[in-house]
Amino acid sequence: METNFFGPLNVTRAILPIMRAQRGGQVITVTSTAGLIGQEFVAAYAASKFALEGWMESVRFDLAPYGIRTMAVEPGFFRTELLVEGASMIWPELPVEDYAQRTAETIAAWRGMNGLQGGDPAKLAAALVTLSDSGELPLRFIAGADAMAAVEANLHTIQEQIDAHRALSASLTVDEGV
């Protein structure tokens, strides 16, 4: 939470007085696909990114009257040092035997992905410059084919859940005058 949520929040809060005074600016924050979709064995990471997503989605209303635009960037897997062991990837010691096999499988899968991620960081940087220069930032930029596929699947699941319980949900309205 300190790095993934409070870090971006504090950096943004530090620059906002200048942006408000100049009546313009952009706050572009890189979150993660994990900020929109929970995944196995990344609960704490996802929680920090979900918090950042919620903050970015809400703070836009506070900033828009001052000409300050916001955008959250949700990248999928890009060929960075994210999966480099000892650099940014540290595997914790997990004494819970119930998780041992699934943890080993997850670690093996992530180790196998290192250096093979589909996203090109230079192309992502260029895309962010293009969006920034466009003058109109989207609320979210889902970055990468893998991220788009995952978010679209999640949106489909959410819509199915709404549809499956639509009548029950709609029945929760207060009955006035009864």
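The values are calculated or read from the model by the stated rules, or taken from the named source; none is laboratory data. Quantities reported herein were computed from a predicted structural model and do not represent experimental measurements. Here the Cβ positions follow ideal geometry from the backbone for every residue, glycine too, while neighbour counts run over all protein chains shown. Please note that ligands, DNA and RNA were not included when accessible areas were found on the heavy atoms of the full protein model with its side chains. Shrake-Rupley method; radii C 1.70, N 1.55, O 1.52, S 1.80 Å.
Of all residues in segment 42-56, which are out of contact with any strand residue (DSSP E or B) (no Cβ under 7 Å at 6 or more places or on another chain) and either more than 21 Å from Ala108 (Cα to Cα) or part of a helix (DSSP H, G or I) (or both)? Break it down into steps so the answer makes sense when it comes.
Of all residues in segment 42-56, those out of contact with any strand residue (DSSP E or B) (no Cβ under 7 Å at 6 or more places or on another chain) come to 42-51, 54-55.
Of everything in segment 42-56, those that are out of contact with any strand residue (DSSP E or B) (no Cβ under 7 Å at 6 or more places or on another chain) and either more than 21 Å from Ala108 (Cα to Cα) or part of a helix (DSSP H, G or I) (or both) turn out to be Ala43, Ala44, Tyr45, Ala46, Ala47, Ser48, Lys49, Phe50, Ala51, Gly54, Trp55.
Is it the case that segment 34-41 has a residue that's in contact with a Pro (Cβ under 7 Å, 6 or more places away or on another chain), modelled with pLDDT under 95 and outside any strand (DSSP E or B)? So that I can check it myself, show each step before the final result.
Here is the first cut: in segment 34-41, the ones in contact with a Pro (Cβ under 7 Å, 6 or more places away or on another chain) are none.
Within segment 34-41 (the criterion being in contact with a Pro (Cβ under 7 Å, 6 or more places away or on another chain), modelled with pLDDT under 95 and outside any strand (DSSP E or B)), the answer is no, since none of the residues qualifies.
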Q: Please indicate, with yes or no, whether at least one residue in segment 123-145 is open to solvent by 60 Å² or more (accessible area, probe 1.4 Å) and farther than 30 Å from Gly24 by Cα.
A: yes
Q: Answer with yes or no whether Leu131 is touching a residue at least 60 places away in the same chain (Cβ under 8 Å) and farther than 20 Å from Ala34 by Cβ.
A: yes
Q.
Considering only residues that are open to solvent by 80 Å² or more (accessible area, probe 1.4 Å), acidic (Asp, Glu) and modelled with pLDDT of 95 or more, which ones fall in segment 49-99?
A. Asp62
Q: Test Leu155 against the stated conditions and say whether it is surrounded by 11 or more Cβ atoms within 10 Å (Cβ to Cβ) and within 30 Å of Gly24 (Cα to Cα).
A: no
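Between Ala108, Ala126, which is modelled with pLDDT of 95 or more, of a type outside the set (Phe, Trp, Tyr) and out of contact with any Phe, Trp or Tyr (no Cβ under 6 Å at 6 or more places or on another chain)?
Values: Ala108 fails: modelled with pLDDT of 95 or more.
Going through Ala108, Ala126 in turn, just one is modelled with pLDDT of 95 or more, of a type outside the set (Phe, Trp, Tyr) and out of contact with any Phe, Trp or Tyr (no Cβ under 6 Å at 6 or more places or on another chain): Ala126.
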